[in-house]
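Encoded as C-alpha coordinates, the structure appears first; notes follow it.
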Amino acid sequence: YLFIPDPQKAWVEKDPELNHIWWPTNNVNILYLNTLKFPFNNPLFRKAISMAIDRNLLEKTAYFGTGGYDVSPTGIIPAQQKEWLDPTLTSLAASLVTYNPKAAQQLLTSIGFVKNSAGQLCGPDGKPLPTFKILVGAGWTDFISMAQVISQELQEIGISTTIDQEPWNTYIS
(Lines give C-alpha, C1' and ligand atoms only; values in the text may rest on other atoms or scores of the structure.)
Protein backbone atom coordinates (compact mmCIF):
# COMPACT_ATOMS: atom_id res chain seq x y z
CA TYR A 1 0.00 0.00 0.00
CA LEU A 2 2.81 2.32 -0.94
CA PHE A 3 2.16 5.00 -3.51
CA ILE A 4 5.05 6.33 -5.57
CA PRO A 5 4.11 8.86 -8.25
CA ASP A 6 5.30 7.76 -11.68
CA PRO A 7 7.70 4.98 -10.61
CA GLN A 8 8.86 4.50 -14.20
CA LYS A 9 10.25 8.03 -14.29
CA ALA A 10 11.11 8.38 -10.60
CA TRP A 11 12.97 5.06 -10.33
CA VAL A 12 13.38 2.87 -13.41
CA GLU A 13 14.57 5.60 -15.80
CA LYS A 14 17.29 6.66 -13.31
CA ASP A 15 19.13 3.39 -14.02
CA PRO A 16 17.12 1.03 -16.26
CA GLU A 17 19.77 -1.66 -16.13
CA LEU A 18 19.54 -2.00 -12.37
CA ASN A 19 16.29 -0.36 -11.34
CA HIS A 20 13.17 -2.41 -11.94
CA ILE A 21 9.69 -2.44 -10.47
CA TRP A 22 7.40 -5.27 -9.53
CA TRP A 23 3.86 -4.14 -8.96
CA PRO A 24 1.74 -7.14 -8.07
CA THR A 25 -2.00 -6.73 -8.17
CA ASN A 26 -3.33 -7.59 -4.73
CA ASN A 27 -6.40 -5.46 -4.60
CA VAL A 28 -9.07 -3.87 -6.77
CA ASN A 29 -10.54 -0.39 -7.06
CA ILE A 30 -14.31 -0.37 -7.03
CA LEU A 31 -16.85 2.37 -7.60
CA TYR A 32 -19.52 1.39 -5.11
CA LEU A 33 -23.10 2.42 -5.88
CA ASN A 34 -26.08 2.24 -3.56
CA THR A 35 -28.09 -0.31 -5.52
CA LEU A 36 -31.05 0.12 -3.19
CA LYS A 37 -31.67 3.70 -4.36
CA PHE A 38 -32.88 5.13 -7.65
CA PRO A 39 -31.37 5.31 -10.24
CA PHE A 40 -28.63 2.92 -9.14
CA ASN A 41 -31.22 0.20 -8.51
CA ASN A 42 -31.54 -0.18 -12.28
CA PRO A 43 -28.91 -2.61 -13.63
CA LEU A 44 -29.01 -0.98 -17.08
CA PHE A 45 -28.33 2.42 -15.54
CA ARG A 46 -25.32 0.92 -13.75
CA LYS A 47 -24.17 -0.68 -17.00
CA ALA A 48 -24.36 2.71 -18.71
CA ILE A 49 -22.21 4.23 -15.96
CA SER A 50 -19.71 1.42 -16.43
CA MET A 51 -19.60 2.02 -20.18
CA ALA A 52 -19.00 5.75 -19.63
CA ILE A 53 -15.82 5.20 -17.60
CA ASP A 54 -12.49 4.78 -19.39
CA ARG A 55 -10.61 2.40 -17.11
CA ASN A 56 -7.42 2.66 -19.13
CA LEU A 57 -7.45 6.42 -18.55
CA LEU A 58 -8.04 5.82 -14.84
CA GLU A 59 -5.02 3.52 -14.67
CA LYS A 60 -2.84 5.94 -16.62
CA THR A 61 -3.96 8.92 -14.54
CA ALA A 62 -3.78 7.34 -11.11
CA TYR A 63 -0.95 4.84 -11.56
CA PHE A 64 1.06 6.32 -14.45
CA GLY A 65 0.43 3.25 -16.59
CA THR A 66 2.16 0.90 -14.16
CA GLY A 67 -0.85 -0.52 -12.34
CA GLY A 68 -1.52 -3.32 -14.80
CA TYR A 69 -5.11 -2.55 -15.81
CA ASP A 70 -7.25 -5.67 -15.94
CA VAL A 71 -10.49 -5.79 -17.91
CA SER A 72 -12.35 -8.12 -15.57
CA PRO A 73 -15.26 -6.44 -13.76
CA THR A 74 -15.43 -9.27 -11.26
CA GLY A 75 -13.06 -7.94 -8.62
CA ILE A 76 -11.04 -11.15 -8.89
CA ILE A 77 -7.37 -10.21 -9.01
CA PRO A 78 -5.53 -11.43 -12.14
CA ALA A 79 -3.48 -14.11 -10.36
CA GLN A 80 -6.68 -15.80 -9.17
CA GLN A 81 -8.80 -15.46 -12.32
CA LYS A 82 -7.68 -18.74 -13.86
CA GLU A 83 -8.98 -20.57 -10.81
CA TRP A 84 -12.03 -18.46 -10.00
CA LEU A 85 -13.36 -16.96 -13.28
CA ASP A 86 -15.43 -19.13 -15.57
CA PRO A 87 -13.66 -18.79 -18.94
CA THR A 88 -16.99 -18.87 -20.78
CA LEU A 89 -17.77 -15.50 -19.14
CA THR A 90 -14.62 -13.71 -20.34
CA SER A 91 -16.31 -12.13 -23.35
CA LEU A 92 -19.32 -11.00 -21.30
CA ALA A 93 -17.02 -9.61 -18.62
CA ALA A 94 -15.05 -7.60 -21.18
CA SER A 95 -18.25 -6.21 -22.70
CA LEU A 96 -19.32 -4.86 -19.32
CA VAL A 97 -16.22 -2.71 -18.98
CA THR A 98 -15.70 -1.55 -22.54
CA TYR A 99 -15.45 2.25 -22.71
CA ASN A 100 -18.19 3.51 -25.01
CA PRO A 101 -19.89 6.75 -23.89
CA LYS A 102 -22.08 6.92 -27.02
CA ALA A 103 -23.47 3.44 -26.33
CA ALA A 104 -23.89 4.44 -22.67
CA GLN A 105 -26.00 7.43 -23.72
CA GLN A 106 -28.06 5.21 -26.05
CA LEU A 107 -28.60 2.69 -23.28
CA LEU A 108 -29.75 5.44 -20.92
CA THR A 109 -32.16 6.75 -23.57
CA SER A 110 -33.55 3.25 -24.07
CA ILE A 111 -34.55 3.11 -20.39
CA GLY A 112 -36.05 6.60 -20.32
CA PHE A 113 -33.10 8.75 -19.21
CA VAL A 114 -32.50 11.69 -21.55
CA LYS A 115 -30.55 14.93 -21.37
CA ASN A 116 -32.44 18.20 -21.13
CA SER A 117 -31.41 21.38 -22.97
CA ALA A 118 -28.92 22.17 -20.18
CA GLY A 119 -27.18 18.81 -20.68
CA GLN A 120 -28.47 17.35 -17.39
CA LEU A 121 -29.59 13.74 -17.39
CA CYS A 122 -33.27 13.50 -16.53
CA GLY A 123 -35.06 10.44 -15.23
CA PRO A 124 -38.10 8.85 -16.84
CA ASP A 125 -40.22 11.35 -14.83
CA GLY A 126 -38.54 14.22 -16.72
CA LYS A 127 -36.82 15.62 -13.62
CA PRO A 128 -33.05 16.20 -13.63
CA LEU A 129 -31.10 13.72 -11.54
CA PRO A 130 -29.53 15.18 -8.41
CA THR A 131 -25.80 15.73 -8.06
CA PHE A 132 -24.23 12.58 -6.68
CA LYS A 133 -21.23 12.38 -4.35
CA ILE A 134 -18.12 10.38 -5.09
CA LEU A 135 -16.64 9.64 -1.67
CA VAL A 136 -12.86 9.19 -1.44
CA GLY A 137 -10.33 9.18 1.35
CA ALA A 138 -8.72 12.56 1.96
CA GLY A 139 -5.17 12.65 0.65
CA TRP A 140 -5.52 9.45 -1.39
CA THR A 141 -4.10 10.99 -4.53
CA ASP A 142 -4.70 7.93 -6.70
CA PHE A 143 -8.37 7.68 -5.70
CA ILE A 144 -8.84 11.44 -5.95
CA SER A 145 -7.38 11.40 -9.47
CA MET A 146 -9.71 8.57 -10.45
CA ALA A 147 -12.70 10.38 -8.93
CA GLN A 148 -11.84 13.46 -11.00
CA VAL A 149 -11.71 11.41 -14.20
CA ILE A 150 -14.96 9.60 -13.36
CA SER A 151 -16.66 12.87 -12.50
CA GLN A 152 -15.64 14.36 -15.85
CA GLU A 153 -16.72 11.29 -17.80
CA LEU A 154 -20.11 11.06 -16.07
CA GLN A 155 -20.64 14.76 -16.80
CA GLU A 156 -20.32 13.90 -20.50
CA ILE A 157 -23.39 11.67 -20.23
CA GLY A 158 -25.25 14.25 -18.15
CA ILE A 159 -24.60 12.99 -14.61
CA SER A 160 -23.36 15.63 -12.18
CA THR A 161 -21.08 14.64 -9.31
CA THR A 162 -19.04 16.21 -6.56
CA ILE A 163 -15.96 14.69 -5.00
CA ASP A 164 -16.18 14.40 -1.23
CA GLN A 165 -12.81 13.81 0.46
CA GLU A 166 -13.21 12.46 3.97
CA PRO A 167 -10.63 11.57 6.64
CA TRP A 168 -10.10 7.82 7.07
CA ASN A 169 -12.33 7.41 10.17
CA THR A 170 -15.24 9.21 8.51
CA TYR A 171 -14.67 7.50 5.19
CA ILE A 172 -14.61 3.97 6.60
CA SER A 173 -17.66 4.52 8.80
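The values are calculated or read from the model by the stated rules, or taken from the named source; none is laboratory data. Keep in mind it's a predicted model, so treat the numbers as computed, not measured. Virtual Cβ from ideal backbone geometry, glycine too; neighbours counted across all protein chains shown.
For segment 127-145, a residue qualifies if it is surrounded by 15 or more Cβ atoms within 10 Å (Cβ to Cβ) and part of a loop (DSSP other than H, G, I, E, B), and the qualifying residues are L129, W140. Listed by position, the helices (runs of 4 or more DSSP H) inside segment 1-63 whose residues that are loosely packed, with under 10 Cβ neighbours inside 10 Å and modelled with pLDDT of 95 or more number at least 1 form an empty set.
Output yes when any residue across segment 93-101 is part of a loop (DSSP other than H, G, I, E, B), out of contact with any Gly (no Cβ under 8 Å at 6 or more places or on another chain) and closer than 16 Å to N29 by Cα, and no when none is. Yes, some residue in segment 93-101 is part of a loop (DSSP other than H, G, I, E, B), out of contact with any Gly (no Cβ under 8 Å at 6 or more places or on another chain) and closer than 16 Å to N29 by Cα. For D125, the criteria (1) closer than 29 Å to I4 by Cβ; (2) of a type outside the set (K, R); (3) free of Cβ contacts under 8 Å to residues at least 24 places away in the same chain hold in every case but one, which is (1). Of the residues screened, L107 is not one that is free of Cβ contacts under 8 Å to residues at least 12 places away in the same chain, aliphatic (A, V, I, L, M), within 22 Å of T35 (Cβ to Cβ) and in a helix (DSSP H, G or I). Scanning segment 87-98 for residues that are loosely packed, with under 10 Cβ neighbours inside 10 Å and farther than 22 Å from D54 by Cβ returns P87, T88.
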